[in-house]
């Protein structure tokens with residue numbers, strides 16, 4: 001299976017703080033986990049992290065997402081659709097990282 005690297009994931013991981021969790025609501029955490037579960041089901045692998053999202057740093061969550069992306073090589077329509085779910089998770093996490101950046105700037 002070829003490794004797919006998406007530089008956006010790496011950039012986001014570098015921007016994400018490594019000292020605190022992402023500011024995700026319970027609904028957002030459920031959304032992330034549901035989509036990662038669907039991706040895992042479509043590709044026959046475990047895509048959810050082993051630790052709860054609330055216990056992971058922002059950088060850890062984004063790095064996990066980047067790792068999952070490298071595992072994926074869609075072969076079926078179901079897998080292509082699952083890859084779209086991963087994109088929606090990326091966008092949600094990118095927004096949360098931006099919120100953290102803004103909060104950090106305001107408090108500085």
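The values are calculated or read from the model by the stated rules, or taken from the named source; none is laboratory data. Since we're looking at a predicted model, the values are computed, not measured. All Cβ positions, glycine included, derive from the backbone under ideal geometry; neighbour counts span all protein chains shown.
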Quiz item: Across the stretch 73-85, which residue is nearest to residue 97 (Cα to Cα) among those that are touching a helix residue (DSSP H, G or I) at 6+ places or on another chain (Cβ under 7 Å) and surrounded by fewer than 20 Cβ atoms within 10 Å (Cβ to Cβ)?
Solution: 85
Quiz item: Among the residues of the stretch 8-36 satisfying the criterion of being in contact (Cβ under 8 Å) with a residue 60 or more places away in the chain and in a loop (DSSP other than H, G, I, E, B), which is nearest to residue 88 (Cα to Cα)?
Solution: 24
Exercise. Report the residue count in the stretch 19-53 for those that are modelled with pLDDT under 95 and either in contact with a strand residue (DSSP E or B) (Cβ under 7 Å, 6 or more places away or on another chain) or buried (at least 16 other Cβ atoms within 10 Å of the Cβ) (or both).
Key: 4
Self-check item: Selection from the stretch 37-63 of residues that are touching a helix residue (DSSP H, G or I) at 6+ places or on another chain (Cβ under 7 Å) and touching a residue at least 40 places away in the same chain (Cβ under 8 Å)
Solution: 38, 39, 42, 58, 59, 61, 62, 63
Self-check item: Criterion violated by residue 62 - all others in (1) at pLDDT below 95; (2) part of a loop (DSSP other than H, G, I, E, B); (3) buried (at least 19 other Cβ atoms within 10 Å of the Cβ) satisfied
Solution: (2)
Self-check item: Selection within the stretch 37-55 - closer than 16 Å to residue 90 by Cβ and not in a helix (DSSP H, G or I)
Solution: 47, 48, 49
Quiz item: What is the number of the single condition among (1) buried (at least 16 other Cβ atoms within 10 Å of the Cβ); (2) at pLDDT below 90 that residue 8 does not meet?
Solution: (1)
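Take residue 96 and tell me if it is surrounded by 13 or more Cβ atoms within 10 Å (Cβ to Cβ), over 13 Å from the mean Cα position of the chain (by Cα) and either modelled with pLDDT of 95 or more or closer than 16 Å to residue 11 by Cβ (or both). Spell out the reasoning first.
On the way: surrounded by 13 or more Cβ atoms within 10 Å (Cβ to Cβ): yes; over 13 Å from the mean Cα position of the chain (by Cα): no; either modelled with pLDDT of 95 or more or closer than 16 Å to residue 11 by Cβ (or both): yes.
No: the conditions fail for residue 96.
Count, please, the residues in the stretch 82-102 that happen to be in contact (Cβ under 8 Å) with a residue 24 or more places away in the chain and over 18 Å from residue 48 (Cβ atoms).
Taking the stretch 82-102 as the starting set, the residues that turn out to be in contact (Cβ under 8 Å) with a residue 24 or more places away in the chain are 82-83, 85-86, 88-90, 92-94, 96-97, 99-101.
With over 18 Å from residue 48 (Cβ atoms) added as a condition, the list becomes 94, 97, 99-101.
Going through the stretch 82-102 one residue at a time, the tally reaches 5.
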